[in-house]
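The values are calculated or read from the model by the stated rules, or taken from the named source; none is laboratory data. These figures come from a predicted structure and were not determined experimentally. All Cβ positions, glycine included, derive from the backbone under ideal geometry; neighbour counts span all protein chains shown.
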Amino acid sequence: MELIFTLLVGLFIVFGTILILFTNNNKKLVDFSISMAFGVMLMLGLLELLPDSYEIITEYIKVPFNIIVLVIGVIIGIELLKILDKFVPDHGHDHKHDKDHKLNLYHIGIISSVALILHNFIEGITLYNTLLASFKAGLLMCIGIGLHNIPIGMIITSTFYKKNKSKVKTLLISIGISLSTFFGGLSAMFLQSLTSNEFLEGVLLAVTLGMIIYITMFELINQVKEIQDKRIRYSGILAGIIILIISILA
């Protein structure tokens, strides 16, 4: 039963993908979802990953060494994506050309996917263990995770579909990413002694935080600045912030 919930929660990402695909990837909607991505990623880092990783690490290591471990984890996350940058397709920075713009979105899509897969994998572990301990608490967590998985699906779709123009490929990518939550739950079931190690979870959350910082500050922010319609830009950011806050409070 717990595994079914981890699968269903992950599939909310696919729901976000379908929302974009059935609106034919309208430019305004793409711009809105990119702005929303910035808001979601920013709040995900500040309100979820940072406090959660700090709290878990502090249970095992006291001040100031807990902060040192947290910072090292963040640096590792940033450096991992810097290394990944060397292996993903080149992306142009002269976004006056549509080709460069598409390549840059594709690039963001790839590195965002890596960070989100790790993040969702950890969430799957946490969700599975929470459901085992308290079904009611786990169900509330399912609602929260599901809510913020919808805009994640929209983000992934906006970045990949713009480049490959294939609904089938984009949908398969989205399904693949969504399954990372299920695989997290699966690993929690088979490797319970390892995945129940909260300190390791805290360190992995810090690494994910570093990845989110890299994506937000070095990739997404440039895309958001180039959206000409300020109403779409700011309303998208605000929507992302509100959605993430609701998902955390749910």
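Take the residues in the range 15-42 that are buried (at least 20 other Cβ atoms within 10 Å of the Cβ) and aliphatic (A, V, I, L, M); name whichever of them is modelled with the lowest pLDDT. Checking each candidate, the answer is Val30.
Among the residues of the range 109-136, those that are under 22 Å from Thr170 (Cβ atoms) and among the hydroxyl-bearing types (Ser, Thr, Tyr) comprise Ser112, Ser113. Of all residues in the range 220-250, those satisfying the criterion of being within 15 Å of the chain's Cα centre (by Cα) and surrounded by 22 or more Cβ atoms within 10 Å (Cβ to Cβ) are Leu220, Gly240, Leu244, Ser247. When Ile145, Ile215, Ile152, Ile156 are screened for being buried (at least 20 other Cβ atoms within 10 Å of the Cβ), in contact with an Asp or Glu (Cβ under 9 Å, 6 or more places away or on another chain) and modelled with pLDDT under 80, only Ile145 passes. As a summary of the residue check, Ser174 satisfies the conditions (1) within 14 Å of the chain's Cα centre (by Cα); (2) modelled with pLDDT under 85; (3) not hydrophobic (A, V, I, L, M, F, W, C) except for the one numbered (2).
Just so you know, in the range 45-76 the residues that are among the aromatic types (Phe, Trp, Tyr) and out of contact with any Phe, Trp or Tyr (no Cβ under 6 Å at 6 or more places or on another chain) include one that is nearest to Ala115 (Cα to Cα), and it is Tyr54. Could you please find all residues in the range 108-124 being more than 9 Å from the chain's Cα centre (by Cα), modelled with pLDDT of 80 or more and closer than 14 Å to Gly210 by Cβ? Listed by number, the list holds a single entry, Ile122.
Quick one: which residue in Leu3, Leu46 is in a helix (DSSP H, G or I) and without any contact (Cβ under 8 Å) to a residue 60 or more places away in the chain?
Result: Leu46 is the single residue among Leu3, Leu46 that is in a helix (DSSP H, G or I) and without any contact (Cβ under 8 Å) to a residue 60 or more places away in the chain.
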